[in-house]
Amino acid sequence: MKTTKSALLVGVGGQGAILTAKVLVSGLMKAGYDVKMSEVHGMSQRGGSVSTQVHWGEKVYSPVIGKGAADIVVAFEKMEAVRYADYLKPDGVAVINDYEMASSSIAAGLCQYPEGCLEAMENHFRCHVLKAGEIAQGLGSAKCMNIILFGSMVKALGMDDIDWESVIAETVPEKFRELNLSAYRAGRDAVSA
Amino acid sequence: MERYLLSGNEALARGAYEAGVKVCSAYPGTPSTEIFENLPQYRDALYCEWAPNEKVATEVAYGASIAGVRSLCAMKHVGVNVAADPIFTAAYNGVSGGFVIISADDPSMHSSQNEQDNRHYARAAKLPMVEPSDSQECLDFMRAAYEISERFDLPVLLRTTTRVSHSKGLVRFGEREERPVPAYARNTRKYISSPANAMMNHPKVEEALAALEAYGCTSPLNRMELNGTKIGVVTASIAYQYAKEAFPADASFLKLGLTNPLPMKLIREFAAKVDKLYVIEELDGFMEEQIKAAGIDCVGKDLTGKIYELNPQLLQERIFGRKPETVDVGVSAVSRPPALCPGCPHRGFFYTMSRHKDFVIAGDIGCYTLGGSAPLNALDSVVCMGGGFTVAMGMARAFELAGQTDKKVFGVMGDSTFFHSGMTGAAEIVYNHGNVIPVVLDNSITGMTGHQDNPGSGRTLQGDIAETLKIEDILAAYGYKNILIVDPQDLAAMEKAVQDALASTEPAAIIARRPCLLIKRIKHDIGKCEVDQDKCIGCKKCLSVGCPAVMVENKKAKIDPNQCVGCTVCAQVCPKSAIARKEN
């Protein structure tokens, strides 16, 4: 059991966390790991908070983890990092997109977006913070934000034994291949491992 | 041999294909929907359809079984409530071709109105039940379920949970088994469920279940994993995966795949091998209560609880008292509840309703359940599929009898829900002179579950063009004389339709019609709304439409161009005309 690792990808419905998890899983499968992945569907997707989990190792039983069990949390939105912080192991690592999305209750003026999300995470965990949205705009399309975060995640995890570029090339449609490969490299470069 | 990464639902579809299934019918519902979304790829070998509701789906599949072919129906847990009538009698009659009913339960209510434990249905209806615990078992148990169905002459309940259906794991495929279809021969003794036949059928069911219990004691679906003798764990479904990680490596397991009837002899044999017996299962103590009733000492629900999902860390904490080490970062996230999408056609309707304090609105199951959330707050109740019209009927009659004449009562549901079980409610209102305005929010699709076709969408699951049933024609046939069809995004027209319906002296109904903006066949790229910062007075009236794209920044309205689709509902409520759509 001790040999398994788990990643929690969190964000807001529609940000592309599931596709990112699929790229991760494809690479892990190629490398010969046993893998399980859990997604959310239905009601929870309508702009709500979403989480996707990937669990891998020599032999994996549970597709989901509880609190204090994630090796890495990748947050596509910074308040979501805080929401799932207690799922992270105390020595776990967080990759956080420095991007703010108001929830419907914040937009309606019923509550405030919390201050100091990034600082709170950085004070307690090893964190990699990047502005993936801006990097994606710079590459020409906001759509590749998720692969930028993916690049940061594999760098942060030190998973360099897998040929991620060929995994990405196989997973994304041909016309987005170059964009996503650039996004992957930019994501890696944004993180000092 | 190659392995593929499949969700439980994808593997169930593959399993049905491999089992030689020929007729498949379902109504979508999370977490079951993707089983049938993955069947059309096998359309050369089988027929699959979306039925108007789960009862219809069950009857279609059962009819195919009576005619001699293997058949399948699938639904979410609450769908089994709708389908229960044919299910209970199908158990008495038995099958010709193998017949499997999939119930996908939703512990923790990720996308449901309750977390009912449908294992009880297997006992109540006297059905064999198989429970896979991962994607490979979804495929394998599907095939096994058809063997059991035909061997014991019973329909089989295959029960998953959200984590079985929506988790992905590695799966090995097999070959499709083409089965000969026997020549049809009428068998009235078996299939006409008259009291005389039913009296003969019930003892046969009890005999079959007794034989099945013996079968379960030797079937590979139920297996022992013997390690140490100190701890034994009886478990099934996804709870097995959690328990494997939570219990020490020397714990022994009795992993059950066939969970109704429980193989009590095997459980007794296993219990005798260990010092302490745990029963680990999500939700109710379905296995534990039966094991205790058989006089076998065990612990379970006192430790694990019967509310919400489990996971490995929760089990470790509740059974062994080992709390996971977590970090409190000192900042709390505020809630991020789901909301109607920007541009959702339901918004204009619910905004209109939210302006009237004397309106009482019974809602229904679908995206429009979100019309009850802040800031719209335009629903009084949501009970079940098709309940919108009829709950409204009962409320209206109660108000009349109590003399509360100021209340104006509406029943609200979507198009797919109308076809599912709303039509009978529409008939009820006309027939019994109900003082209720039925409203169909017709967005031309089954929205919440991810855009499945329905009798009003003009397509079938297999992608063929279909007759488009017209809601207005159906209402007219029922006797509604005043049917108001309105674009809910036009707030003035929406308000007028509501007032005209209330003023009508004859039975009136409203159809608020605009397609879901997520439908891929339709282009919505019209423009985006912008705020004129000089005109905006910061009154926040635009926030009352509850659009995720509309917010207030530095005391002025702001519209997120990445989310806005230019529906203009916010612009229509602005008292200073400060919001306008910039056309593309």
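The values are calculated or read from the model by the stated rules, or taken from the named source; none is laboratory data. Just so we're clear, the structure is a prediction, and the values are computed from it rather than from any experiment. Positions of Cβ are generated from backbone atoms using ideal geometry, with glycine treated the same way; all protein chains shown enter the neighbour counts. Remember, those area values only see protein heavy atoms, side chains included, never the ligands or the DNA or RNA. Shrake-Rupley method; radii C 1.70, N 1.55, O 1.52, S 1.80 Å.
Select from A:LYS36, A:LYS175, A:LYS22 the residue whose mean-square fluctuation is largest in a Gaussian network model of chain A (Cα-Cα springs shorter than 10 Å). Fluctuation is largest for A:LYS175.
Between A:ALA169, A:ALA136, A:ALA94, the GNM of chain A built on Cα springs shorter than 10 angstrom shows A:ALA169 fluctuating the most.
Relative to its residue count, the range B:3-218 spans a Cα convex hull of 115 Å³ per residue.
Can you tell me how the range B:527-583 classifies by the Cα gyration tensor, rounded, prolate or oblate, using a/c under 1.5 as the rounded cut? Note, shape of the range B:527-583 comes out rounded. Here the scattering of the protein assembly as shown is modelled by Debye summation over its C-alpha atoms, one equal scatterer each and no solvent; at q = 0.06 Å⁻¹ the log10 of I(q)/I(0) is -0.40.
Top to bottom by accessible area (1.4 Å), largest first, where do B:TYR351, A:TYR33, B:TYR17 land? Before the final figure, lay out the partial values.
Numbers: B:TYR351 15, A:TYR33 75, B:TYR17 50 Å².
Order by accessible area, largest first: A:TYR33, B:TYR17, B:TYR351.
Counted over all Cα-Cα pairs of the range B:310-412, pairs farther apart than 22 Å make up 52 percent. Using a simple spin-label model with pseudo-atoms 7 Å out from Cα toward Cβ, B:CYS217 and B:GLN41 lie 4.2 nm apart.
For the cross-link pairs A:LYS5/A:LYS155; B:LYS535/B:LYS582; B:LYS168/B:LYS301, which exceed 23 Å when the distance is taken from alpha carbon to alpha carbon?
Details: A:LYS5/A:LYS155 15 Å; B:LYS535/B:LYS582 16 Å; B:LYS168/B:LYS301 28 Å.
Check vs 23 Å cut-off fails for B:LYS168/B:LYS301.
For B:LYS496, the lysines whose Cα comes closer than 16 Å to its Cα, not counting residues fewer than 8 places off in the same chain, are B:LYS408. Each principal axis of the Cα cloud of the range B:366-408 was evaluated for its coordinate range; sorted largest first, these ranges are 33, 24, 11 Å.
Only protein heavy atoms count here; on that basis, with a 1.4 Å probe, B:ASP328 has an accessible area of about 120 Å².
Of B:ASP473, A:ASP91, which has the most accessible area with a 1.4 Å probe, and how do the rest follow in descending order? Working shown, then result.
On the way: B:ASP473 90, A:ASP91 125 Å².
Largest accessible area first, the list is A:ASP91, B:ASP473.
Grouping the Cα pair distances of the range B:214-305 into 10 Å bins from zero gives a pair-distance distribution of 18, 58, 24, 0 percent in increasing distance order.
Can you list, largest first and rounded to whole Å, the semi-axes you get for the range B:486-529 by taking the square root of 5 times each eigenvalue of its Cα gyration tensor?
Values: eigenvalues 161, 32, 4 Å².
So the equivalent ellipsoid measures 28, 13, 5 Å along its semi-axes.
May I ask you to derive the FRET efficiency for B:ARG397 and B:HIS202 from their Cβ-Cβ distance with R0 = 51 Å, giving the value to the nearest 0.05? Let's see the in-between values first.
Values: r = 39 Å, r/R0 = 0.77.
Working from the Cβ atoms, E equals 0.80.
For the range A:61-162, the Kirkwood hydrodynamic radius comes to 14.6 Å, computed from all pairs of different C-alpha atoms.
Charges at C-beta only: +1 for Lys and Arg, -1 for Asp and Glu. How large is the resulting dipole of chain A about its Cα centre, in Debye rounded to 20? Intermediate results must be reported in sequence, preceding the final value.
On the way: 19 positive and 22 negative charges, 76 e Å.
The calculated dipole for chain A is roughly 360 debye.
Taking the C-alpha atoms only, the angle from helix B:77-93 to the longest principal axis of chain B is near 40 degrees. On the basis of the beta-carbon distance and an R0 of 60 Å, A:GLU58 and B:HIS356 show a calculated FRET efficiency of 0.45. For chain A, count the residues as N, evaluate 2.2 N^0.38 Å, and divide the Cα radius of gyration by that value, please. Against the empirical 2.2 N^0.38 Å value, I get 0.98 for chain A.
Could you check how much of the accessible area of chain B is carbon and sulfur, as a whole percent, using a 1.4 Å probe? Mind showing how you got there, number by number?
On the way: 12120 of 23320 Å².
For chain B, the apolar C and S fraction of the accessible surface comes to 52 percent.
Excluding ligands, DNA and RNA, the accessible surface per residue across the protein assembly as shown is 40 Å² with a 1.4 Å probe.
May I ask you to list the trypsin sites (Lys or Arg not before Pro) in the range B:439-487 that are in a DSSP loop and have at most 14 other Cβ atoms within 10 Å of their Cβ? Could the numbers behind the result be given before it?
Working: sites: B:ARG459, B:LYS470, B:LYS481; in loops: B:LYS470, B:LYS481.
Answer by residue number: B:LYS470, B:LYS481.
Taking every residue in B:238-251, how many Cβ atoms of other protein chains lie within 10 Å of its Cβ, on average?
Values: counts 4, 1, 2, 7, 5, 2, 5, 9, 4, 0, 1, 1, 0, 0.
Mean partner-chain Cβ count within 10 Å for B:238-251: 3.
So what are the range B:356-440's ellipsoid semi-axes, whole angstrom, largest first, if each one is the square root of 5 times an eigenvalue of the alpha-carbon gyration tensor? Could the numbers behind the result be given before it?
Working: eigenvalues 73, 59, 13 Å².
Square roots of five times the eigenvalues give 19, 17, 8 Å.
Binning the C-alpha pair distances of the range B:346-513 at 10 Å intervals from 0 yields a P(r) profile of 11, 42, 36, 9, 1, 0 %, listed from the shortest bin outward. Within 10 Å of the Cβ of each residue in A:80-88, the mean number of Cβ atoms contributed by other protein chains is 4. In terms of its Cα atoms, the range B:418-477 spans 40, 23, 15 Å along the principal axes, sorted from long to short.
Using only C-alpha atoms and all pairs of different ones, pull out the Kirkwood radius for the range B:152-290 in Å with one decimal. Don't skip to the answer; put the middle values down first.
Details: mean 1/r = 0.0558 Å⁻¹.
With all distinct Cα pairs of the range B:152-290 included, I get 17.9 Å.
Stokes-Einstein, applied to the Kirkwood radius of the range A:58-113 over Cα pairs at a viscosity of 1.002 mPa s and 20 °C, places its translational diffusion at 167 µm² s⁻¹. For the range B:507-540, backbone nitrogen atoms closer than 19 Å to the point 7 Å from B:THR405 Cα along Cα-to-C-beta are found at no residue.
Of the residues A:GLU134, A:GLU77, A:GLU115, the one that moves most in a GNM of chain A with alpha-carbon contacts below 10 Å is A:GLU115.
Each chain gives up part of its surface: B and A jointly bury about 4500 Å² of accessible area, both sides summed, for a 1.4 Å probe. Per-residue extension of 0.36 nm, minus the Cα-Cα distance of B:LYS535 and B:THR188, leaves a gain of 117.2 nm for this segment.
How much space per residue, in cubic angstrom, does the convex hull of the C-alpha atoms of the range B:48-127 take up?
Values: hull volume 6.7 nm³, N = 80.
It comes to 84 Å³ per residue, whole-number rounded.
Each Cα pair of the range B:136-195 feeds into the Kirkwood radius, which the Stokes-Einstein equation turns, at 25 °C and 0.890 mPa s, into a diffusion coefficient of 166 µm²/s. For B:CYS542, the solvent-accessible surface with a 1.4 Å probe is about 10 Å², rounded to the nearest 10. Based on the Cβ-Cβ distance from B:ILE522 to B:ALA249, what FRET efficiency comes out when R0 is 45 Å, to the nearest 0.05? Given R0 = 45 Å and the Cβ-Cβ separation, E is 0.20.
Given the convex hull over the Cα atoms of the range B:187-239, what projected area results after averaging over all orientations, in nm²? Before the final figure, lay out each step's value.
Details: hull surface 25.1 nm².
Mean projected area for the range B:187-239: 6.3 nm², to one decimal.
Using only C-alpha atoms and all pairs of different ones, pull out the Kirkwood radius for chain B in Å with one decimal. Mind dumping the intermediate values first?
Working: mean 1/r = 0.0380 Å⁻¹.
The answer is 26.3 Å.
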